[in-house]
Every structure is written in C-alpha cells, then in structure tokens.
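Colleague: Take this structure first; my questions come after.
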Amino acid sequence: MKVAKFGGTSLASANQIKKVCSIVTSDPERRIVIVSAPGKRFKDDVKVTDMLIACANAGLEKGNADSELQALVDRFAEIASELNVSDRVIEEIADDLRARVDSDKSDKGKYMDCLKAAGEDNCAKLVAAYLQSTGVDARYVNPGEAGLLLNDEYGNAQVLPKAYDNLKSLSDYSGITIFPGFFGHSLKGDVVTLPRGGSDISGSIVAAAVNADLYENFTDVDNIYSVNPNLINSPKPIRELTYREMRELSYAGFSVFHEEALVPVYNRGIPVCVKNTNNPSAPGTTIVPERSYIKEPVVGIASHDGFCFIYISKYLMNREVGFGRRVLQILEDEHISFDHMPSGIDNMSIIIKQNFLDEQMEKRIVERIKKELAVDDVSVVRNLALVVIVGEGMRNTRGITARASTSLAKAGINLEMISQGPSEVSMIFGVRAGESDKAVCALYNEFFNSQGTRI
Ligand code: ASP
C-alpha cells in the first residue's frame, strides 16, 4: 500500500485537483492521500494558509475579519464550482470558515491554529467530495478524530507516540481515504498545527503508522537535483539517495522536505518517492535506507550561509581534561547549539548559526572563554557559508578531499575550514559567504564531470 501526499501547488486550482485525483485512481495501491491547503497558482499568488493567517490576525487585532473571510470563501467556492461538486459542499466550507473566525479568541495561539488548519481540512473535504461525485469510493477523515495526537505547542506541535497506534486502522478502509495534513489534536481535544510545511510530516506519520510500502510525496518538480537548479543550468537529477544523504543535503540548504518530515518513515525504513503532479510518469527521486548501486562518490552539492566560527587556541589544549566540556558549557549557558567543531591539537573552532550570536552575546562568550579557560587566543569570524558535498560513495573512494580542495583552489577560493564527519557521508568546506555560489559551481564541475554553466 502507498501513502501519497500532495503539496499546495498540486491542489491550487480545480484543474490541479483533477490531476491529483487521476494520479490517485490510476494506482489501486494509493489508498491514503494526504493533502496540503491550496497553494500558489502563479508566482505572486497568495497561499490559502497565508490568507488564513491574515484572517486570524485581522480577527485578533481589529475584531473584524469580514473581507479576509470573504476572500477565503471566494477562493474555495471558485475551486468547488469548477469541480462541479454540489452547492452543499460550498455552503459547508463557508459555514466552517465562519465558525472558526467567530470562535473564542481568548487564547491567541489556539485561535490562530484553529484558522490555519482550515486550509487543509476544507481542501480534504473538497477532494473527497469530488472523488465521490465521479463515482469513486472515497472518504474524508478528520486527523483529530482518527487519533493524530500532538503536544499542545501551537504552531510548532510534535507528534505523541500514541498517534501511531491510533492511526494504524486507517488502512482497514478499502476505498480511498483523504486525510488533511498539517494538524492534529492535542490531548485536550484542541486543533494544533505542526510547523509550516508540516503536511510532509503528517504524510510521513501516517505512512509509518500504517506501515506503507512507499510514501509518495508529490510536488511540482520532476525530481531532486544534484545541485540547486537556480544556480546551474539543467543539473543532473538524482534517481536514488539514502536518508542519510537526504538529511545532509537538507541541512545544507535543499528545501525539498520539512526537516522533521523524514523521521517517522526513516524509523521504519519506508522508502520515499518524490514525484511531480504535473508530470507523474517521470520516475522521480527515491529515498531509501541503503543504496545498492553506488557508482559516483558524490550525489549532491549544497551550500548554506549565515554561519560564524568561534576560534580558540591554547598551547597544550589536548592535554587539558575537560577543556571541550567547559567551552560547550559556556554555550549551553547562553542556550546556543553548535553545528560543527573541527579541532587541531591546540586549537578548535566552533561553528554556530550567526543569528544565535548578537554583539552582546559575542562579547559575553569571548570574555568568559578568556577568563575561565585562560586561552591564548579567541576570536569570532562572521559571514561564512558552509558548502557541502554529499555521497555514501565517498567512504570508499580515495582522493575526494584532494579533488575538492584543488578545484576550489583553482577557482580562487580561500578555505576557512574543512570538516568531515565520522560517517564520511559528507564533507564540509567553510568559505566566505560571498564565495559560496562560486564554490558550488567549482565542485559541481569537478564531481559531475561537466561544465555546468551558472545561471
Ligand atoms: N499549508 C501549510 C503551509 O503552507 C502546510 C503545508 O502545506 O505543508 O505551511
């Protein structure tokens, strides 16, 4: 059995919803479908979720959200009438939206989440009604009633372990289940939403709960590319990659999935296939626990800026028991998490996200490191980017570091840092933020053996 999730652009209009339904009905294994809220129809369009947020803000701040509510009713009514579903469905959606807008506003987070969830919820009702109108055996299921239990952190909820057992029985239904993404219920029974982009997480939770053979994630690109397609013309598509490779690439800037989305399917070893609603016959990219066929050492290259380094040096650092712990304790006291910590015998640098470190915090940390650890030198270098090459094949290939650093040197890029984690799935190069695009292109040309031209 397959669980298929469709993103916002796949549900943005009646025409897109028809494509979704024909994809679903073309494969009898696609029995559970997770839907996002209608997204953008064109570049400057507004996503339904953003319209709902504007509506909630108007309700909370002005006490009147009439025009925002009308815009939402019109948006859904346009889709519904083009799908030719009965007027009753349109009325039900309008009533639902009105009831949410008029609901209790005393808890702002709760009110906001109740509205935000309306995009997915009504979209799912619409898709189910359309399938039924074409004679398909389909049902809408409310996530809260089905037992998708979340903690009560409004707008940023996390799944509770019990949800997996509760959702197991979704697979008992022989027809097609349409299940809205992005929200569930708290233990108190209130609607709570996952972080933005969270329908990916809902799909992954449901796929894990029913132990699906495959979790399909339909979006608007044919596949995941080996490098940002906004940077290099026609980059090489990735056919297959492992969860580990995907995690490294997402960390370094590939925005295909929500960061947490793969955890539930990863824990159960369920493969994920990314496919295009507008071109469903394209094979897409499959993410698997292990890859059997590894020909090229590198599958993808990504970069992410907004980092800074705290550089520390002290003679005989390696002999001082507890030195690292005391440095990290200072960061912990300031509630700062670190990303990497490459070290030499007498020096280390700690790489953290720059937005964690304002000027005052930098001053406090530097002073404490000087005073409490009696270091020879401590300095902070800002505006750095991390460029990452990723591939399971790097582990068994010699000379990768040499090839990468030579290609960067030839492109005139100064390396601030090199780091390779023990799993050897990725190698990270710290460069000046303004040089990261140039670095990615140099590495792409080296490892993909092509003259990928920059856009
Ligand atoms: N509709 C929600 C958002 O725009 C969730 C999702 O699409 O995944 O963030």
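Values in this text are rule-based calculations from the coordinates and carry no lab data. Note that the structure is a prediction, hence the values are computed from the model and not measured. Note that each Cβ is placed from the backbone with ideal geometry, even for glycine, and that neighbours are counted across all protein chains shown.
Colleague: Contour minus end-to-end for Asn15 and Thr406, with contour as 0.36 nm per residue of separation and end-to-end as the Cα-Cα distance?
Modeller: Values: separation 391, 0.36 × 391 = 140.76 nm, distance 5.02 nm.
That pair, Asn15 and Thr406, stretches by 135.7 nm at full extension.
Colleague: Here's something else I'd like to know. Check Ala157: other-chain or 5+ apart residues with amide H under 5 Å from its amide H, H built from backbone geometry?
Modeller: Counting only residues 5 or more places away or on other chains, the set is Thr193, Leu194.
Colleague: Stretch Asp376-Glu61 to full length: gain in nm at 0.36 nm per residue minus the Cα-Cα span? Walk me through the intermediate numbers first.
Modeller: On the way: separation 315, 0.36 × 315 = 113.40 nm, distance 5.39 nm.
Length difference between fully extended and current span is 108.0 nm.
Colleague: Looking at the chain only, what percent of DSSP beta bridges run antiparallel? Nearest 5 please.
Modeller: Numbers: 42 of 68 bridges.
Roughly 60 percent of the beta bridges in the chain run antiparallel, per DSSP.
Colleague: Let me ask you something else. What per residue convex hull volume, in Å³, comes out for the range 100-211 when only alpha-carbon positions are used? Walk me through the numbers before you get to the answer.
Modeller: Values: hull volume 10.3 nm³, N = 112.
Given the Cα convex hull of the range 100-211, per-residue volume reads 92 Å³.
Colleague: Over the Cα atoms of the range 64-137, each weighted equally, I'd like the Debye log10 I(q)/I(0) at q = 0.13, 0.14, 0.22 Å⁻¹, rounded to two decimals.
Modeller: Here log10 of I(q) over I(0) equals -0.40, -0.46, -0.95.
Colleague: For a protection proxy built on the mean count of beta-carbon atoms within 10 angstrom, sort 264-273, 162-171 highest first, please. Numbers along the way, then the final one.
Modeller: Details: 264-273: 19.1, 162-171: 17.1.
For the peptides 264-273, 162-171, the packing ranking is 264-273, 162-171.
Colleague: I want the local charge near His304. Using Cβ-Cβ distances under 13 Å, sum +1 for each Lys or Arg and -1 for each Asp or Glu among the other residues. Show your work: numbers first, answer last.
Modeller: Details: positive: Lys353; negative: Glu248, Glu259, Asp305, Asp339, Asp437.
Summing Lys and Arg as +1 and Asp and Glu as -1 gives -4.
Colleague: Here's a follow-up. Under the Karplus relation 6.51 cos²θ - 1.76 cosθ + 1.60, θ = phi - 60°, what is the ordered set of whole-Hz ³J(HN,Hα) values for the range 413-425, x standing for Gly and Pro?
Modeller: Using θ = phi - 60°, the values come out as 9, 8, 8, 8, 6, 10, 9, 10, x, x, 6, 6, 8 Hz.
Colleague: In addition: Would you calculate the separation in nanometres between label points at Asp137 and Ser292, each defined as 7 Å from the Cα along the Cα-to-beta-carbon direction?
Modeller: My value for the distance between the label points is 3.4 nm.
Colleague: Can you tally the net charge around Ala77? Count Lys and Arg as +1, Asp and Glu as -1, for every other residue whose Cβ sits under 10 Å from the Cβ of Ala77. Don't skip to the end; give the middle numbers.
Modeller: Numbers: positive: Arg75; negative: Asp74, Glu78, Glu82, Asp87, Glu91.
Once all neighbours under 10 Å are counted, the net charge is -4.
Colleague: Charges on Cβ only, +1 for Lys and Arg, -1 for Asp and Glu, centred on the Cα centroid of the range 211-342; of Ala282, Pro237, Pro297, which one is farthest towards the dipole's positive end?
Modeller: Pro297
Colleague: Highest mean first, what order results for 123-130, 338-345, 439-446 on Cβ atoms within 10 Å? Mind showing how you got there, number by number?
Modeller: Values: 123-130: 24.8, 338-345: 13.8, 439-446: 23.0.
So the order, starting with the most tightly packed, is 123-130, 439-446, 338-345.
Colleague: Here's another thing I want to ask about it. Could you state the angle between the C-alpha long axis of helix 400-410 and the longest principal axis of the C-alpha atoms of the chain, as a value from 0 to 90 degrees rounded to the nearest 10?
Modeller: 80 degrees
Colleague: Would you grab the residues whose amide H sits under 5 Å from the one on Arg30? Only those 5+ places off in sequence or on another chain, please, with H modelled 1.01 Å from N.
Modeller: Lys2
Colleague: Sorted by mean Cβ packing within 10 Å, highest first, what order do the peptides 2-9, 429-436, 329-336 take? Please report the intermediate quantities before stating the final value.
Modeller: Working: 2-9: 25.4, 429-436: 19.9, 329-336: 13.8.
Packing proxy ranking, top to bottom: 2-9, 429-436, 329-336.
Colleague: While we're here: Once the convex hull of the alpha carbons of the range 1-150 is built, what does its volume come to per residue, in cubic angstrom? List each step's numbers first, then the result.
Modeller: On the way: hull volume 17.6 nm³, N = 150.
Here the figure is 118 Å³ per residue.
Colleague: For a quick check: with amide H placed at 1.01 Å from N, whose amide H comes under 5 Å from Glu216's, ignoring anything fewer than 5 positions away on the same chain?
Modeller: Val3, Ala4, Lys5, Cys273
Colleague: From the backbone phi of the range 201-209, what are the Karplus-calculated ³J(HN,Hα) couplings (6.51 cos²θ - 1.76 cosθ + 1.60, θ = phi - 60°) in whole Hz, Gly and Pro given as x?
Modeller: 5, 4, x, 5, 5, 5, 4, 5, 4
Colleague: Which whole-number percent of Cα pairs in the chain have a distance greater than 27 Å?
Modeller: Working: 62486 of 103285 pairs.
Across the chain, Cα pairs with separations above 27 Å total 60 percent.
Colleague: From the phi angles alone, apply the Karplus equation (6.51, -1.76, 1.60; θ = phi - 60°) to the range 65-70 and give each ³J(HN,Hα) in whole Hz, x where the residue is Gly or Pro.
Modeller: Per-residue couplings from phi come out as 10, 4, 5, 5, 5, 4 Hz.
Colleague: Let me ask another. Pull up the cross-link candidates among the lysines for Lys353, meaning alpha carbon to alpha carbon under 25 Å and not fewer than 8 places away within one chain.
Modeller: Lys314, Lys363, Lys370, Lys371, Lys438
Colleague: If you put +1 on each Lys and Arg Cβ and -1 on each Asp and Glu Cβ, how big is the dipole of the range 144-296 around its Cα centre, in Debye rounded to 20? Write out the running numbers ahead of the final one.
Modeller: Working: 12 positive and 18 negative charges, 56 e Å.
That gives the range 144-296 a dipole magnitude of about 280 debye.
Colleague: If you don't mind, another one. Using the Cα centre of the range 143-210 as the reference point, and only Cβ charges (+1 on K/R, -1 on D/E), how large is the resulting charge dipole? Debye, rounded to the nearest 20. Mind showing how you got there, number by number?
Modeller: Details: 4 positive and 7 negative charges, 11 e Å.
The dipole of the range 143-210 has a size of about 60 debye.
Colleague: Calculate the dipole size of the chain relative to its Cα centre from +1 charges on Lys and Arg beta carbons and -1 charges on Asp and Glu beta carbons; express the result in debye to the nearest 20. Write out the running numbers ahead of the final one.
Modeller: On the way: 51 positive and 61 negative charges, 240 e Å.
Around 1160 debye, computed over the chain.
Colleague: Take the eigenvalues of the Cα gyration tensor for the range 381-446, scale each by 5, and report the square roots as semi-axes in whole Å, largest first. Intermediate values should be presented prior to the final figure.
Modeller: Details: eigenvalues 76, 37, 17 Å².
For the range 381-446, the ellipsoid semi-axes come out as 19, 14, 9 Å.
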